[in-house]
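The values are calculated or read from the model by the stated rules, or taken from the named source; none is laboratory data. Since this is a predicted model, take the numbers as computed values, not measurements. Cβ placement follows ideal geometry from the backbone for every residue including glycine, while neighbour counts extend to all protein chains displayed. Calculation scope for accessible area: heavy atoms of the full protein, side chains included, ligands and nucleic acids excluded. Shrake-Rupley method; radii C 1.70, N 1.55, O 1.52, S 1.80 Å.
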Amino acid sequence: MTVEQPELVQLLTPEGERVENPAYPLDDGADIKEMYRDMLLVRRVDTEAIALQRQGELGLWASLLGQEAAQIGSARALSAGDMAFPSYREHGVAWCRGLDPMRLLALFRGVDNGSWDPEEHKFHLYTIVIGDQTLHATGYAMGLQRDGADNEAVIVYFGDGATSQGDVSEAFAWASVFNAPVVFFCQNNQWAISAPQDKQSRVPLYQRASGFGFPGIRVDGNDVLASYAVTKKALAAAREGQGPTLIEAYTYRMGAHTTTDDPTRYRMASELETWRLRDPIERVRAYLHRTGQADADFFASVDQEADELGKRVREGCRLLPDPAPLEIFDHVYAGRNAIVDEEQAQYAAYLESFEGLTEKEIAR
Ligand SMILES: Cc1ncc(C[n+]2csc(CCOP(=O)(O)OP(=O)(O)O)c2C)c(N)n1
Ligand SMILES: [Mg+2]
């Protein structure tokens, strides 16, 4: 079966040339210099986190390298009251929702359960169970409908691999028939660990939406402006009662799946080289430079900010405190729970049986 390759919505080419698309005009919120800064800073956090994992300071890290534009563009399209549901790679979205990167590092260091307040940041907890968050998001969006909160919308992030999960199909069905104000933002980074995208679907992923009765669109996920404009339009449609949209952000995972993975075992180096030429940050740099919108001072000041952020991340990570062993029982439920309380008491008694040892020594 030959499947026709669809057009991408693109507003900035890999060479940094601006392309006009009357269906996707840019509004004042599209501050490209700010987006450049966002992308550069989250890439620095990512680079530092990988190095910290290699030094034994983090248990794991899931890199966003290559996906900065999809994340920053879509997240900058959100209004303050919109709710975002991430998977586990959405460090750029977290950044735009005002979450300090140290919160993410604490999670991947294993000293925190990812316990930020989703309401405070309008950013839900990271979800490792593939595709699960599409149901959470759809339920939340249906809740907004029932509350009459028609100035708010929801966005949910998931991967190409997640589209093969039953949860995602269920979420599509519910969102469609209830016309829920949710934007499904699929980052098609071409890989689900070692499974290539062509083992997930015979048709382009965005076309899945039509079977469920709502629009789907493919955007160049390495183009921050297009990611912004397409998401902005889909969110506006959701708020206006037009229901869900599926956005397929066509991008590439330039790094390993996580720090436990070695992609050289299953993909060609030439593939990475092809995508390197479409780097999401380089094209913005080229555009800003060519159009004279940014001078050398601007680029130098963002680089310096990245250096400072990198230093803060490196130093801060090592200073993150270990939690007390009994604390893990405190966050299982919002309130007290008799069974968890009993388990906590049993564990406390067990710890006390190690006479003369500190909590840290016992934990070891
Ligand atoms: C329900 C479930 N099945 C399997 C896994 C193991 N797993 C973790 S990541 C992953 C691949 C996901 O790929 P994709 O959805 O494309 O997201 P990406 O990692 O590329 O961002 C799998 C299978 C899981 N976490 N949850
Ligand atoms: Mg993927």
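Being closer than 22 Å to ARG97 by Cβ and away from ligand 2 (no atom under 11 Å from the Cβ) is the filter here; which residues of segment 158-195 pass it? Scanning segment 158-195 gives ALA171, ALA175, ALA180, PRO181, VAL182, VAL183, PHE184, PHE185.
The requirement of being aromatic (Phe, Trp, Tyr), open to solvent by 10 Å² or more (accessible area, probe 1.4 Å) and within 16 Å of ligand 1 (Cβ to nearest atom) is fulfilled somewhere in segment 120-140, by at least one residue.
Just wondering, is there one or more residues in segment 338-352 that are within 30 Å of THR251 (Cβ to Cβ), out of contact with any Cys (no Cβ under 7 Å at 6 or more places or on another chain), assigned to a helix (DSSP H, G or I) and without any contact (Cβ under 8 Å) to a residue 12 or more places away in the chain? Checked against the condition, which is being within 30 Å of THR251 (Cβ to Cβ), out of contact with any Cys (no Cβ under 7 Å at 6 or more places or on another chain), assigned to a helix (DSSP H, G or I) and without any contact (Cβ under 8 Å) to a residue 12 or more places away in the chain, segment 338-352 yields no hits at all. Of everything listed in (1) at pLDDT 95 or above; (2) more than 23 Å from ALA77 (Cβ to Cβ); (3) assigned to a helix (DSSP H, G or I), the single unmet condition for ALA256 is (3). Taking GLY139, is it away from ligand 2 (no atom under 16 Å from the Cβ), over 21 Å from PRO86 (Cα atoms), out of contact with any Gly (no Cβ under 9 Å at 6 or more places or on another chain) and modelled with pLDDT of 95 or more? Considered against the rule, which asks whether it is away from ligand 2 (no atom under 16 Å from the Cβ), over 21 Å from PRO86 (Cα atoms), out of contact with any Gly (no Cβ under 9 Å at 6 or more places or on another chain) and modelled with pLDDT of 95 or more, GLY139 comes out as no.
Filter segment 178-204 for residues that are aliphatic (A, V, I, L, M) and under 18 Å from GLN71 (Cα atoms) and give the result. Before you say what the answer is, go through the steps one by one.
Step one: of segment 178-204, the residues aliphatic (A, V, I, L, M) are 180, 182-183, 192-193, 195, 203.
Correct list: VAL182, VAL183, ALA192.
Determine, yes or no, whether ILE155 is modelled with pLDDT of 95 or more and either more than 15 Å from ligand 2 (Cβ to nearest atom) or open to solvent by less than 40 Å² (accessible area, probe 1.4 Å) (or both). Let's see the steps before the verdict.
Working: modelled with pLDDT of 95 or more: yes; either more than 15 Å from ligand 2 (Cβ to nearest atom) or open to solvent by less than 40 Å² (accessible area, probe 1.4 Å) (or both): yes.
Taking the combined requirement at face value, the residue satisfies it.
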